[in-house]
Amino acid sequence: MTDNQWHLQERLQKYPGYRSEHATIFANRQVVDFDPEGGISDPVGIAYAIRCKYYAGEKVPDQVAKLLQDEQASNLQALVFGIWDADMSQGGSEVVIEALVAAKDQLTSLQALFIGDIHSEESEISWIVQSNISPILEAYPNLEILQVRGGERLAVSPFVGHEQLKALIVETGGLSSATINQICALNLPKLQHLELWLGSDWYGGDSAIADLNPILVAQKFPNLVYLGLRNSQYTDDIAEGVVRSPLLNKIRILDLSMGTLSDAGAELLLKNPVVQQLDILNLSENYLSEEIITFVEAQQANFHVQVMINGQRIVDEDDDERYCAVAE
């Protein structure tokens, strides 16, 4: 695996987003809060974050306006937006979308955008209200990485295509089947990294394996290097779908972490010769037994694929149920 094939190694780390921490790395860049007094010192190597402090009366349009006053604004490549409303369960991300669309003629070098770097002490992931993100794709034709957190009211309609997008990351505690269908309707010919946190049906994650058929069966995104179907309530079904998918012959990284994978699903993957030829198989934070963990550790030297199995969880004895890692 080479850097030009897939370079978002940060996505394989134990993710801070739902652990009361802001992102420290985004799009291979250090994340630094934007300070108008300090300005933009490194428009290429730093991802500048805008986080509104509502007790101080800050608002997104005002913060973006200050950013645009910097002489380096037109060279800025990566932006991160944190909290944008005092009550995240009420105020949607339209305010961020509108400010960015209005700034499109100034932010002409923007390549990477993260809307929703909001940790659990600021708002639970399923309380974050998003909006239609299609205007961003239309306004920024050179965007390469788009990441959003929060599935409530998230939409990507009407239909749009984007010629340059290489990575689409959607983190939710519940991603609706309707939104998955909208994502699968996008024309993204250069997409290499697709990452969906599917979540719980308690929080809007009403999808099933059939909703992933455009990805797994029809190969809607044939140039994927990384496929992440993470944080799912039906990870065993995904494992079964993946081993039957022709896409398995093309991707290099399969990420089924943070879900409900059992030993049965893991065995389907680990015994599959095509899976064995991947570069990375991420099964972290699922429900694998000590037997499977011991087997992987003993056989890792014989595998071509690097199998990640850290952070396994234990089935709740009270209800004998498995849950995705991130829901509320």
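Values in this text are rule-based calculations from the coordinates and carry no lab data. Since the structure is predicted, the reported quantities are computational estimates derived from the model, not experimental observations. For neighbour counting, all protein chains shown are included, and Cβ atoms are generated from backbone atoms with ideal geometry for every residue, glycine included.
So here's what we get for this one:
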{"quantity": "Charged-residue dipole, Cβ positions (Lys, Arg, Asp, Glu), region 9-308 about Cα centre, Debye nearest 20", "calculated": "840 debye"}
{"quantity": "Under 5 Å, built H, 5+ apart or other chain: amide partners of Q30", "calculated": "A47"}
{"quantity": "Residue list for region 182-213, given a label point 7 angstrom along the Cα-to-Cβ vector of Q13 and an amide N cut-off under 20 Å", "calculated": "193-197"}
{"quantity": "Efficiency of FRET from Cβ geometry, Q106 and E58, R₀ 35 Å, rounded to 0.05", "calculated": "0.95"}
{"quantity": "Contour minus Cα-Cα distance for Q300 and K190 (0.36 nm per residue)", "calculated": "36.4 nm"}
{"quantity": "Cα gyration tensor category, rounded, prolate or oblate, for region 68-220 with a/c compared to 1.5", "calculated": "oblate"}
{"quantity": "Charge dipole (region 9-308, unit charges on Cβ, about Cα centre) - positive-most of F221, I209, L110", "calculated": "F221"}
{"quantity": "Amide proton proximity set for Q233, modelled H, under 5 Å, gap of 5+", "calculated": "G199"}
{"quantity": "Proximal lysines to K166, defined as alpha-carbon separation beneath 30 angstrom and excluding residues fewer than eight positions away on the same chain", "calculated": "K14, K66, K104, K190, K220, K250"}
{"quantity": "Amide H partners (placed H, <5 Å) of A155, local residues excluded", "calculated": "S131, N132, I133"}
{"quantity": "Highest average packing first - 98-105, 189-196, Cβ atoms within 10 Å", "calculated": "189-196, 98-105"}
{"quantity": "³J(HN,Hα) computed for each position of region 299-306 - Karplus, 6.51 cos²θ - 1.76 cosθ + 1.60, integer Hz, glycine/proline x", "calculated": "9, 3, 5, 8, 8, 6, 6, 7"}
{"quantity": "Net dipole in debye of region 95-219 [+1 Lys, Arg Cβ; -1 Asp, Glu Cβ; about Cα centre; nearest 20]", "calculated": "380 debye"}
{"quantity": "Gyration tensor (alpha-carbon) shape descriptor, region 202-326, a/c threshold 1.5", "calculated": "oblate"}
{"quantity": "For K250, K66, order by how many other beta-carbon atoms lie within 10 Å, fewest first", "calculated": "K250, K66"}
